[in-house]
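Visitor: Got a structure for you, questions after.
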Amino acid sequence: MTASVGVFGLIVGGILWQEALDENSEAVNQLQSNPSQAHSTRIDAEGLSAGSNVCLIAGGVLNGLGLITTLLSFVDDTPSKGAALAPALGTNFAGATVKGVW
C-alpha cells in the first residue's frame, strides 16, 4: 500500500515537473513582449516546481518505505506454538483467516 501511494506521488510529481518546464518556457518567450506577464508566469512555474519537488521526494520516501516493509515482512516471526485470527478482504470475499502452529 505504501509503495502504491509512493508511485502515485512520483507520477503527480512528474506531471507537475513537466508543467513547470512548460510554464518556464512560456515565461522566457514572454520576456521580450510582456515582462510583467513573464514575471507572473515565472512565479507560477516556481510554484509548480516546488509542488513537484514535494511530490517527488514524498513519492521516493514512500516507495523506499514500501520496499523496506516488503523485505522485512518475509521474516518468519511466528511463535513455536500459537494461533492467530485475522480479518481478510478480497474481491467478492470478506471474512477471517486462521493461522496456527501446534
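Just so it is clear, none of the values below were taken in a lab; they were calculated from the coordinates. Here the structure is a predicted model, which is why all the values come from computation and not from measurement. We place every Cβ from the backbone using ideal geometry, glycine too, and count neighbours over all the protein chains shown.
Visitor: Hey, what did the chain get for relative contact order, percent, Cα under 8 Å, at least 6 apart?
Guide: 31 percent
Visitor: Related question: Taking the Cα centre of the chain as the origin and placing charges on Cβ (Lys, Arg +1; Asp, Glu -1), which of THR70, ILE43, VAL101 is farthest toward the positive end of the dipole?
Guide: VAL101
Visitor: HN-Hα J couplings of region 61-69 from phi, Karplus 6.51/-1.76/1.60, θ = phi - 60°, integer Hz, Gly and Pro as x?
Guide: Values per residue, Gly and Pro as x: 5, 5, 5, x, 5, x, 5, 5, 4 Hz.
Visitor: Tell me what the chain gives for mean residue ellipticity at 222 nm when only DSSP H runs of n ≥ 4 count, each as -39,500 (n - 2.57), the sum divided by the residue total, rounded to 500 deg cm²/dmol.
Guide: So the helix-based figure for the chain works out to -24000 deg cm²/dmol.
Visitor: Still on this structure, I have one more. In debye, nearest 20, what is the charge dipole magnitude of the chain about its Cα centre with +1 on Lys and Arg Cβ and -1 on Asp and Glu Cβ, if you could check?
Guide: The calculated dipole for the chain is roughly 580 debye.
Visitor: Treat each spin label as a single point 7 Å out from the Cα along the C-beta direction, and report the THR97 to GLN37 distance in nm.
Guide: 6.0 nm
Visitor: Round to the nearest 10 and give me the degree value, 0 to 90, for the angle of helix 2-30's Cα axis relative to the longest principal axis of the chain.
Guide: Result, in degrees: 0.
Visitor: How many nm is it between the label spots at ILE57 and PHE8, if each spot is 7 Å from the Cα in line with the beta carbon?
Guide: 2.1 nm
Visitor: Give the long-range amide H neighbours of LEU31: residues separated by 5 or more places, or on another chain, with amide H under 5 Å away, using H modelled in the peptide plane at 1.01 Å from N.
Guide: none
Visitor: Still on this structure: Counting other Cβ atoms within 10 Å of each Cβ, which trypsin sites (Lys or Arg not before Pro) in the chain have at most 16 and sit in a DSSP loop?
Guide: For trypsin sites (Lys or Arg not before Pro) across the chain that sit outside H, G, I, E and B with at most 16 neighbouring Cβ atoms in 10 Å, the list reads LYS81.
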